[in-house]
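No lab work stands behind these numbers, since they all come straight from the coordinates. Please read all numbers here as calculations on a predicted model, not as lab measurements. All Cβ positions, even for glycine, are placed from backbone atoms using ideal geometry, and neighbour counts span all protein chains on display.
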Amino acid sequence: MQIFHGHIYFSDNEIERAAKVRENLANALPQLTYIGQLITRPIGPHPKPMFEIHIPAAEIDRITPVIDELRQGLSVLIHPLQENELEAHTTNARWLGEKLPLDLKVLART
């Protein structure tokens, strides 16, 4: 089964909002195969704190509008899980809300 990753970004002053978005997504989308904890610092290519969700490919078209509705203004990156991570996070990625600059140097090494 192909999987998409969703990264929901937040600032230090948006931690409570991010926790609520995470809770709302968990309640509204039982199809998600993973809902990560809040990571309160930038990590890897991600420029801001975030949490990650895993979306089955078969559900991506149904789930994306729900994520958009529930994100409460937070930026969301959705990308396929694939071997070429640079391509996954750029060419094959889609954004909900503001597109954030990723640290692509990290991805170029994978």
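Filter the range 41-85 down to the residues that are part of a helix (DSSP H, G or I) and either within 19 Å of ASN24 (Cβ to Cβ) or touching a helix residue (DSSP H, G or I) at 6+ places or on another chain (Cβ under 8 Å) (or both) and list them by number.
Within the range 41-85, the first condition is being part of a helix (DSSP H, G or I), and the residues that meet it are 57-70, 85.
Hits for the range 41-85 are GLU59, ILE60, ARG62, ILE63, THR64, PRO65, VAL66, ILE67, ASP68, GLU69, LEU70, GLU85.
When only residues in the range 62-88 that are farther than 20 Å from PRO45 by Cβ and not β-branched (Val, Ile, Thr) count, which is surrounded by the most Cβ atoms within 10 Å (Cβ to Cβ)?
Per the criteria, the residue is LEU70.
In the range 1-24, which residues are touching a strand residue (DSSP E or B) at 6+ places or on another chain (Cβ under 7 Å) and in a helix (DSSP H, G or I)?
Within the range 1-24, ALA18, VAL21, ARG22 qualify.
When you look at LEU107, is it touching a residue at least 60 places away in the same chain (Cβ under 8 Å), in a strand (DSSP E or B) and surrounded by 14 or more Cβ atoms within 10 Å (Cβ to Cβ), yes or no?
Numbers: touching a residue at least 60 places away in the same chain (Cβ under 8 Å): yes; in a strand (DSSP E or B): no; surrounded by 14 or more Cβ atoms within 10 Å (Cβ to Cβ): yes.
No; evaluated as a whole, the condition is false for this residue.
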